[in-house]
Amino acid sequence: MGDVTLYRRMLRQARPYTLHFGALFALGLLASPIALLNPVPLKIVVDSVLGARPLPAFLQALLPVAAGRTPATMLAVAIGLLVLVTALGQAQGLASTLLRTYLGERLVLDFRARLVNQVQRLSLSYHDSRGTADSLYRIQQDGPAIQSLLVDGAVPVVSAAITFGTMVAVTTRLDWQLALVGLAISPPLFFLSRAFRPRLRRQSRQAKKLESSALAVVHETLGALRVVKAFGQEARETARFVGRSREAVTARLQLALVQGRYGVLLGLTTALGMAAVLLIGVGHVRSGLLTLGQLLLVMGYLGQLYQPLKTISQKAGTFQSYFASAERAFALLDERPDVPERPHAGRVERATGAVTFRNVSFAYDPAQPVLEDVSFEVPPGARVAVVGATGAGKTTLVSLLTRFYDPSAGAILLDSVDLRDYHLADLRDQFAIVLQEPVLFSTSIAENIAYGRPGANDGAISRAAQAAGAHDFIVRLPRGYRTPVGERGMQLSGGERQRIALARAFLKDAPLLILDEPTSSVDVRTESAILEAMDRLMRGRTAFLITHRQNALATCDVRLQLERGRLIEATPSLVCQVR
């Protein structure tokens with residue numbers, strides 16, 4: 001993606017903050033007149049206090065004749081001007097810093113919010129193939145590139161360009177030959193920037209890729225920390241992290257080396273320009289074309305002329321790392337979900353629950369089909385047992401129901417309408433899901449139960465917990481329903497987490513229910529309580545139950561037997577005893 005294209009996309013992202021950028025540029029413009037005044041006190045001291053030359057014209061107009069223009073007075077003027085210019089510069093710098101910080105932080109927050117929304121929209125297949133650590137890195141590390149390029153980059157570059165133009169005009173008025181000599185370094189600076197830019201971009205991309213890979217190791221290790229500790233593999237995981245991090249460190253060192261060479265060449269080029277101006281300027285002073293004070297003024301302006309040139313050139317180099325980050329962030333935004341929303345998708349408030357699979361096939365990898373030509377019908381309110389050996393395709397089958405994936409062939413109908421013809425949010429609102437490993441968030445028990453119905457009142461939450469057999473253990477906790485469950489609910493036992501997940505399904509009150517091995521990891525006593533709650537939950541709903549437990553299968557009306565992705569048995573056929 002080209003630099004111009006990236007800037008256009010970032011400017012569209014920054015459009016709501018146009019006024020803030022305008023104010024920031026206005027503050028930047030103030031830097032030019034302040035910079036012009038910086039060397040003036042020194043010129044006054046050299047030419048008017050130590051020498052016999054008059055004050056600059058604008059100061060003569062401000063200083064009354066009656067005040068006297070003695071050396072002492074003019075020294076006081078120089079000192080006063082020095083303090084005033086410094087105070088103005090500090091005030092301008094403070095205002096710029098505060099506005100720049102506010103603008104940058106808001107831009108980053110908005111951009112990260114877009115990235116977070118995007119990673120949630122992307123299909124599960126994307127995260128299955130890429131892993132979540134890469135998305136996390138792009139949100140946290142690559143997202144701030146918009147601040148670095150627009151606020152910390154573009155604004156200083158524009159301000160530097162304005163300052164550069166001002167300094168050129170003033171220096172030319174003082175001595176056009178010196179100005180021409182000083183500007184002779186501009187073409188070499190431009191060619192240096194062009195030469196180093198591609199290599200800096202490549203090296204930045206490589207460093208970020210390796211850093212993301214190292215983060216993936218930490219993310220994986222912490223997600224499986226119990227297994228790591230159980231097998232005593234802490235040292236091994238640390239070694240894996242260090243190994244990948246060393247590669248990233250090497251890439252960063254190589255990037256720093258390239259940036260260092262670029263900086264050295266910039267410094268040498270500007271030093272040569274200063275040396276040439278000084279050499280010629282001394283000759284002009286000796287020949288009477290310039291006073292010593294004017295030469296010092298020219299050298300001061302030249303230093304300030306070179307500073308914006310160096311700023312522009314250095315930014316062109318350091319921008320490459322930010323451009324690499326922006327490329328990665330926008331590449332994430334450009335990813336299209338594998339489960340798209342059709343333009344004219346229909347709405348559904350509450351489905352009756354009739355489900356039909358018509359010659360459905362699916363494969364994560366085209367070479368290895370997971371489901372092949374699966375067909376069956378389930379009437380509203382039926383309880384469907386999905387059974388089969390591990391890897392038979394049971395979880396994939398129910399994942400297709402909620403459009404976590406779309407079938408590779410065939411169609412799935414809900415109430416005689418293809419799932420793809422429903423609004424995705426409406427479709428998923430028809431399902432409540434209870435997984436083998438219940439997913440809880442690091443909030444309170446009440447918030448976890450109300451996750452499917454935000455804003456539910458305490459009474460509704462309590463009734464759902466009672467229906468799931470969770471109320472009794474919850475009220476015994478020190479803070480009751482306000483008890484935090486910890487990360488992934490690890491403050492609670494497995495059975496307690498499962499009953500909270502069931503309570504969440506009760507509260508959502510969806511017409512279709514998916515239960516994926518909900519009793520596989522609990523003891524017999526807890527299983528009995530969960531089965532009773534499940535029986536209450538399934539009443540009046542179309543339920544799909546994946547389980548190996550025979551006592552759970554006893555309450556089901558339909559049995560779907562899968563083997564290597566094929567439906568080998570569906571009993572009873574089409575006519576079901578609906579409870």
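Read-outs throughout are calculated quantities, based only on the coordinates presented, and are distinct from any laboratory measurement. Just so it is clear, the model here is predicted, and its values are computed rather than measured. Don't worry about glycine lacking a Cβ; one is built from the backbone with ideal geometry, like all the others, and counts go over all protein chains shown.
Structure notes:
- Peptides 499-512, 531-544, 104-117 ordered by average Cβ neighbours within 10 Å, highest first: 499-512, 531-544, 104-117
- Rough spin-label spacing in nm, given labels placed 7 Å along Cα→Cβ, for Ser361 and Val158: 5.7
- Lysine pair count for the chain with Cα-Cα distance under 30 Å and sequence separation of 8 or more or different chains is 8.
- Rounded D (µm²/s) - the chain, Kirkwood Rh over Cα pairs, Stokes-Einstein at 20 °C, 1.002 mPa s: 71
- Ordering of 197-203, 464-470 by packing is 464-470, 197-203, highest average first (other Cβ atoms within 10 Å, averaged per residue).
- Mean Cα-pair separation over length for the stretch 330-454, i.e. relative contact order, pairs under 8 Å, 6 or more apart, %: 31
- Each Lys or Arg adds one and each Asp or Glu takes one away; over the other residues whose Cβ falls under 13 Å from the Cβ of Arg350, this sums to -2.
- Estimated translational diffusion coefficient (Stokes-Einstein, Kirkwood radius over Cα pairs, 20 °C, 1.002 mPa s) of the stretch 355-571: 120 µm² per second.
- Environment charge at Met490 (Cβ cut-off 13 Å; Lys +1, Arg +1, Asp -1, Glu -1): 0
- The mean sequence distance of close C-alpha pairs (under 8 Å, at least 6 residues apart), as a share of the length of the chain, puts its relative contact order at 15 percent.
- For Met10, net neighbour charge (Lys/Arg +1, Asp/Glu -1) across residues whose Cβ lies under 13 Å away: 0
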